[in-house]
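Below you'll find the structure, written out as structure tokens, and then a few comments.
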Amino acid sequence: MSRYQTHITDVLVIGAGLAGERVAIEAATHGLDVTILSLVPPRRSHSTAAQGGMQASLGNCAMGEGDNPDIHFADTVKGSDWGCDQDVARLFVETAPIAVREMAVWGVPWSRVVAGKRTLPDGRVIEEKKEKEGLITARDFGGTAKWRTCYTADGTGHTLQYTMDSIVIKMGITVHDRTEAISLIHDGERCFGTVARCLRTGELRAYIAKSTVICTGGYGRLYSASTNAVINEGSGMFLALDTGVVPLGNMEAVQFHPTGMVPVWILITEGARGDGGYLLDKNLHRFMPDYEPKKKELASRDVVSRRMTEHIRKGYGVESPYGPHLWLDIRHLGAKHINTNLREIANICRNFAGIDPVKDLIPVRPTQHYSMGGVRTNIDGAAYGLKGLFAAGEAACWDLHGFNRLGGNSLAETVTAGRIIGKKVAEYTLGASLTFNPELVEDAVKKQENRIKGLINGWHGKENVYELRNLMQQNLMDYVGIFRNGKDLQKAVSNLQELYHRSHKIGLRSSGVGANPELAQALRLPGMIRLALCISYGALVRTESRGSHFREDYPKRDDVNWLKRTLAYWPEGADLPELKYEPVKITELPPGDRGYGESSAGSEGGKNG
Amino acid sequence: MADRELTFEIFRYNPQKPEIKPYMQTYKLKETPGMTIFVALNQIREEQDPSLMFDFVCRAAICGSCAMIINGRPKLACKTLTNTLPSKIKLFPLPVFKLIGDLSVDTGTWFRHLSLKTEAWVHTSKTFDPKAQEERMDNETALRIYEAERCIECGCCIAGCATANIRDEFLGAAGINRVARFMIDPRDERTPAEYFEVVGCEEGAFGCMGLMACDDNCPMELPLQMQLAYVRRKMAAYGLGYKATQGVKLA
Ligand SMILES: Cc1cc2nc3c(=O)[nH]c(=O)nc-3n(C[C@H](O)[C@H](O)[C@H](O)COP(=O)(O)OP(=O)(O)OC[C@H]3O[C@@H](n4cnc5c(N)ncnc54)[C@H](O)[C@@H]3O)c2cc1C
Ligand code: SF4
Ligand code: SF4
Ligand code: FES
């Protein structure tokens, strides 16, 4: 009698967010048998939290007129500070409009163009054309030349995920929710699936597949202040890293969102600033025009976050028990606009801070928001290092975002990459056979069983998993944040190495029986700290500033030495990643000025070679 | 703010350890400013009892994971500030749904079943043409669909519904609202007869007793009363012999 269930499928998708479900649909459309695993029911994935929208150059609304994939391409490459792969960016911008329209056929109630004149918050009058009425409209979102962000009122991620999942249900695709992949089964050359733990009963299962796709989203919760859902702990990334042969790309590229609401870190979407919100300091002075006269509050995310931090450092922050913060002011947009177009923001303020944005100022602070780095793949989504392993969405480094992602480009990435990579996965899988060595599977499961026994019985020590996790989060927040420097980064690396060793001595305080949450956290923590080390060490070694990676001691972009992508490997038994580098593919747009009017910082000017 | 000491009484039961019968466990906690049930439960788990089971994902009233019975009412725990409650706080898992352990219930399986039963996807004979411009839709219609689509499948309306508590297959307000979402959608080609099969019965629109507990309990403030009335009206009209000609949309 076997101790664990074995499931066999053609394609195994780990993650049921937008990327995972889109890949699954594409593979199933090709007649393949697909199984999706997810920590939570698909509709509770983090993708539902995206409110702002997704970028696609439809060019239907007045402010988007004349938009096309070329302009979207230029925005994306500049946004990435030339860190992205330009072949990928090209493929992406050409496919994004198709992906948006496909979602419309499947059921997303995109907001549409309404003909007529209207006055923007800054006083400009625009006119939406009659001939465009009823087509998919777009809003403004940080850092783009045209209004290109398609949306559904204030619930873009929600409607995308619900629609995507409705197709998964319609197609009868198998979904095992409350199931956590805890290791990959591989022989150093090929991936055969995963060992997973059931989060209902605690039992282990083996999933064996011709191809495995990691779509597990970001790692926001490595930081103590993050806009991300609490399940975003980067597990898919460390599963891949743990193989020793699959590298993670650009882990030091971490995006901060300018406006996480103090103290719960719930994101106040760009829409608030896109619709005309201001940032104010403790004197209620609107300070962004002082730094960025042209783009003001709508400069790219990393620029706004940095300016805010700079302004706080100069002593203009508002003191609070949770540290200094700034104010977001949307009062002048009026009750009607706030209660309809920005309803979700209004609700967040009322429910989680007890304030009314129609009358009150919103306390905000830059907060960890997006992981540009992830499982390094080629343009087909195939992971480096292991055959049969793919990745898509925030978990991947496909490399669309380079060192900074544009707002609205990640939702677009999930559905666009899902569509493209799903097809590549299908092609690969149709040509693959299901051969595997049962001993390999047996060993992989046994290894996890032993880990679990060790944790439950405290064989290796009695370290407290929550204490270690909190220390890790604080280290990243304090030393690997918006402003970085060699001294702090070195401190982070040493501290994290020590925590890493301690994480091997975790012992549970509870029984570990059934769907025990402490055990789940304990199984994840060493992997999380490995990711934290990839981030900190990558940041320490990269002696330049690029996109969201800003070094106070190396404030300029250095294209001579650093126009390259970091690849972090984790050799067996190591306590630090091994870093390798590869060139960045530049095909159309050579490195230049990002054009965000940040000349005063002198950082990403780009004329510095 | 007065420093309150909060007393949590929490339902405990682990189906994997059936030898231990369900019981109530008490935890004490100092209230901090801005504390929600999310903050409190995590603090209890991390500092007092790491075995405590509950579900949070977004902690921002978006994902629908964290509904539970808080002092007698179904609510989202992440959206409930402790300063709106007395210092004694009683927590139970939602009824109707299968218990996973302590405060964690399986709403996901229930709602997937609901989607299957109501075929909650756009039924269309059209195939997607990647080269074509999108079909037009009036923005008002898009907003009306979105209004019904805002349901986050939290289960609060189901847990508080007398019918759902006694009738296993009852769609509940969330289910009927879901059907309304597709009835409103001009892209969905289903006929009144097809919808009638799904909701024109005691398990659907006619099983509802109209006491409106659901409407009060919905954290998204969906107009459930309105949607229930809308679907019931359509179905009653159809059921009473008003046979719309084939293919005519309800909305
Ligand atoms: C608050 C917020 C707002 C945002 N707004 C926008 C926006 O307006 N526009 C935009 O473009 N982007 C936005 N983003 C970013 C965007 O939402 C995400 O990048 C995107 O949704 C990620 O999708 P995904 O499918 O890659 O991952 P996710 O949606 O995070 O899904 C991950 C899936 O993996 C599963 N999973 C994880 N680990 C495991 C495991 N070990 N085993 C099994 N399953 C696992 C999870 O259960 C989940 O189903 C926002 C992000 C945040 C935090
Ligand atoms: S009105 Fe109908 S659906 Fe709502 S709680 Fe009452 S019986 Fe349930
Ligand atoms: S209708 Fe409201 S209460 Fe019911 S599941 Fe949906 S969001 Fe929750
Ligand atoms: S945790 Fe998502 S709704 Fe409460």
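The values are calculated or read from the model by the stated rules, or taken from the named source; none is laboratory data. The shown structure was predicted, so the numbers you read here are calculated from the model rather than taken from an experiment. Backbone-built Cβ (ideal geometry, glycine too); neighbour counts: all protein chains shown. Accessible surface is based on the protein model in full, side chains and every heavy atom, while ligands, DNA and RNA are left aside. Shrake-Rupley method; radii C 1.70, N 1.55, O 1.52, S 1.80 Å.
The set of residues in the range A:48-74 being open to solvent by less than 20 Å² (accessible area, probe 1.4 Å) and under 18 Å from A:A417 (Cα atoms) consists of A:T48, A:G53, A:M54, A:Q55, A:A56, A:S57, A:H72, A:F73.
Within the range A:110-121, restricting attention to residues that are among the basic types (K, R) and within 14 Å of chain B (Cβ to nearest Cβ), the residue that is surrounded by the most Cβ atoms within 10 Å (Cβ to Cβ) is A:R112. Taking the criterion of being over 23 Å from the mean Cα position of the chain (by Cα) and either open to solvent by less than 20 Å² (accessible area, probe 1.4 Å) or hydrophobic (A, V, I, L, M, F, W, C) (or both), the residues of the range A:168-195 that qualify are A:I169, A:M171, A:I173, A:I185, A:C191, A:F192, A:G193, A:V195.
Restricting attention to the range B:99-151, report how many residues are assigned to a loop (DSSP other than H, G, I, E, B) and of a type in the set (K, R).
Summing the residues that are assigned to a loop (DSSP other than H, G, I, E, B) and of a type in the set (K, R) in the range B:99-151 gives 4.
Yes/no per residue for (1) away from chain B (no Cβ under 11 Å); (2) modelled with pLDDT of 95 or more:
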residue	(1), (2)
A:G123	yes, no
A:G134	no, yes
A:T144	yes, no
A:D154	no, no
A:H158	no, yes
A:I167	no, yes
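Scanning the range A:24-66 for residues that are closer than 17 Å to A:A96 by Cα and touching a Phe, Trp or Tyr at 6+ places or on another chain (Cβ under 8 Å), we see that the one that is farthest from the other protein chains (Cβ to nearest Cβ) is A:Q55.
Somewhere in the range B:36-43, is a residue under 26 Å from A:I231 (Cα atoms) and within 16 Å of ligand 3 (Cβ to nearest atom)? Checking the range B:36-43: not a single residue is under 26 Å from A:I231 (Cα atoms) and within 16 Å of ligand 3 (Cβ to nearest atom).
Please note which helices (runs of 4 or more DSSP H) are completely contained in the range B:169-223 and include at least 3 residues that are within 16 Å of ligand 3 (Cβ to nearest atom) and in contact (Cβ under 8 Å) with a residue 60 or more places away in the chain.
Numbers: elements: B:172-184, B:192-199, B:213-217.
In the range B:169-223, B:172-184 are the helices (runs of 4 or more DSSP H) which contain 3 or more residues that are within 16 Å of ligand 3 (Cβ to nearest atom) and in contact (Cβ under 8 Å) with a residue 60 or more places away in the chain.
Conditions (1) within 14 Å of another protein chain (Cβ to nearest Cβ); (2) within 16 Å of ligand 2 (Cβ to nearest atom); (3) open to solvent by less than 10 Å² (accessible area, probe 1.4 Å); (4) more than 12 Å from A:A19 (Cβ to Cβ), marked per residue:
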site	(1), (2), (3), (4)
A:N378	no, no, no, yes
A:Y384	no, no, no, yes
A:A391	no, no, yes, no
A:D399	no, no, yes, yes
A:G408	no, no, yes, yes
A:A412	no, no, yes, no
A:I421	no, no, yes, no
A:K424	no, no, no, yes
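Taking the listed residues B:N139, B:N165, B:N71, the one that is touching a residue at least 60 places away in the same chain (Cβ under 8 Å) and not hydrophobic (A, V, I, L, M, F, W, C) is B:N165, with no other qualifying. Taking the conditions exactly as written (touching a Pro at 6+ places or on another chain (Cβ under 9 Å) and assigned to a loop (DSSP other than H, G, I, E, B)), does A:L58 satisfy them or not? Yes; evaluated as a whole, the condition is true for this residue. Residues in the range B:1-38 that are polar (S, T, N, Q) and buried (at least 18 other Cβ atoms within 10 Å of the Cβ) were compared, and the one that is nearest to A:G202 (Cα to Cα) is B:N14. Of all residues in the range A:343-361, those satisfying the criterion of being crowded, with 24+ Cβ neighbours inside 10 Å and within 14 Å of another protein chain (Cβ to nearest Cβ) are A:I345, A:I348, A:C349. Is there any pair linking a residue in the range B:76-89 that is within 9 Å of ligand 4 (Cβ to nearest atom) to one that is open to solvent by 50 Å² or more (accessible area, probe 1.4 Å), with Cβ under 9 Å and at least six apart or on different chains, and which? Final answer for the pair search is B:K79/A:N347. Listed conditions (1) surrounded by fewer than 24 Cβ atoms within 10 Å (Cβ to Cβ); (2) touching a strand residue (DSSP E or B) at 6+ places or on another chain (Cβ under 8 Å); (3) aliphatic (A, V, I, L, M) are all met by A:L471, apart from (2).
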